[in-house]
Amino acid sequence: MKSQALGIDTSPLEVTNISPQGIWLLAAEEELFLPFEEFPWFKEASVSAVLHVESPLPGHFYWTDMDVDLTLESIRHPEMYSLVSKQSGAQTH
């Protein structure tokens, strides 16, 4: 019997919680916390904009309504990246 080729990854990508401190993102069976201090784009955004996230590539997340583009590495280690908000024009670090 011959094995079939692997299909498309069907791991869920979703915002699982929005709290006064930040948002929780479930991606590839890993739950990530994005605090508003480190990721200011989400703090004043509408709920629908925060929930509308896509993953065009593995480890790459894009919030289309806000034009926010983050990688898994920048979420895990924001201190290693200079995150700049178009809204404020100021660095978060």
Next on the checklist: So for each of 45-51, 22-28 I average, over its residues, the number of other beta carbons within 10 Å; can you give me the resulting order with the highest mean first?
Outcome noted: 22-28, 45-51
Checklist outcome for this item: Using alpha-carbon positions, the gyration tensor of the range 17-68 gives root eigenvalues a ≥ b ≥ c; with a/c under 1.5 called rounded, otherwise prolate if a/b exceeds b/c, else oblate, the class is oblate
Checklist entry - Taking the Cβ of Tyr81 as the center, what net charge do the other residues with Cβ under 15 Å away carry, scoring Lys and Arg +1 and Asp and Glu -1? => result -4
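Values in this text are rule-based calculations from the coordinates and carry no lab data. All figures in this text were calculated on a predicted structure; none of them were measured in a lab. Cβ coordinates were reconstructed from backbone atoms using ideal geometry, including for glycine residues, and neighbour counts include every protein chain displayed.
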